[in-house]
Amino acid sequence: ALGAARPAAVRRAQQRALPARAGSAPLGRRVVPRAQASKKEYGSFDDMLRSGGKPTLVDFYATWCGPCVMMSKILSDMSPQLKEKVQMVKIDTDKYPRIASQYRIEGLPTLVLFSEDGKVLDRMEGVVQGPQLVERVNYFLAGLESQQAEST
């Protein structure tokens, strides 16, 4: 009986021995501010793409997908660098299989960058590291801006 109680007693003693500072994270963890997500309803996926007034980065994911969880954290971390340039949207492929099928989503996670008028600019399958994600989005947005400048 004493052996079974010991691990919990040791944990409690360790927690008491290291007083937490106000506003500090537990040891070994860093505090990262999270982007505020909001749920909005649209008549269609196309309405959503055209409503933001800027390009849209769509994260096609599933709740059961481990790499999708990793990609979600990366998107949250990169949100401050991307939020002024693109609107970021998450689509659960289990809840919206028709949209996933329409854009031929076969592997998860898949990120698709859409222009303001709903055209696919880029597609990234699998986990993409934060700096590479920002670089790739910036590359395609720069190309989009130069195309718009040429057409005016």
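The values are calculated or read from the model by the stated rules, or taken from the named source; none is laboratory data. Owing to the predicted nature of the structure, the values given are computational and were not obtained by experimental measurement. With ideal geometry, Cβ positions are generated from the backbone for all residues, glycine too; neighbour counts draw on all protein chains shown. For the accessible areas, the whole protein counts, side chains as well, though only heavy atoms, and no ligand, DNA or RNA atoms are used. Shrake-Rupley method; radii C 1.70, N 1.55, O 1.52, S 1.80 Å.
Residue count for the range 41-56, restricted to those that are under 22 Å from E145 (Cβ atoms), open to solvent by 50 Å² or more (accessible area, probe 1.4 Å) and in a loop (DSSP other than H, G, I, E, B): 2. For the range 44-55, the condition of being within 19 Å of G143 (Cα to Cα) and at pLDDT 95 or above holds for at least one residue. Test D117 against the criterion of being open to solvent by 70 Å² or more (accessible area, probe 1.4 Å) and at pLDDT below 95, and give yes or no. Against the criterion (open to solvent by 70 Å² or more (accessible area, probe 1.4 Å) and at pLDDT below 95), D117 qualifies. Screening P67 on (1) within 12 Å of the chain's Cα centre (by Cα); (2) within 23 Å of Y42 (Cα to Cα); (3) part of a helix (DSSP H, G or I); (4) of a type outside the set (A, V, I, L, M, F, W, C) shows it passes everything except condition (2). Restricting attention to the range 79-109, the residues that are open to solvent by 30 Å² or more (accessible area, probe 1.4 Å), part of a helix (DSSP H, G or I) and within 22 Å of G130 (Cβ to Cβ) add up to 2. Scanning the range 130-152 for residues that are under 19 Å from S79 (Cα atoms) and loosely packed, with under 11 Cβ neighbours inside 10 Å yields a single hit, A142. The set of residues from the range 113-126 being over 20 Å from W64 (Cβ atoms) and either part of a loop (DSSP other than H, G, I, E, B) or hydrophobic (A, V, I, L, M, F, W, C) (or both) comprises L113, F114, S115, E116, D117, G118, K119, V120, L121, M124.
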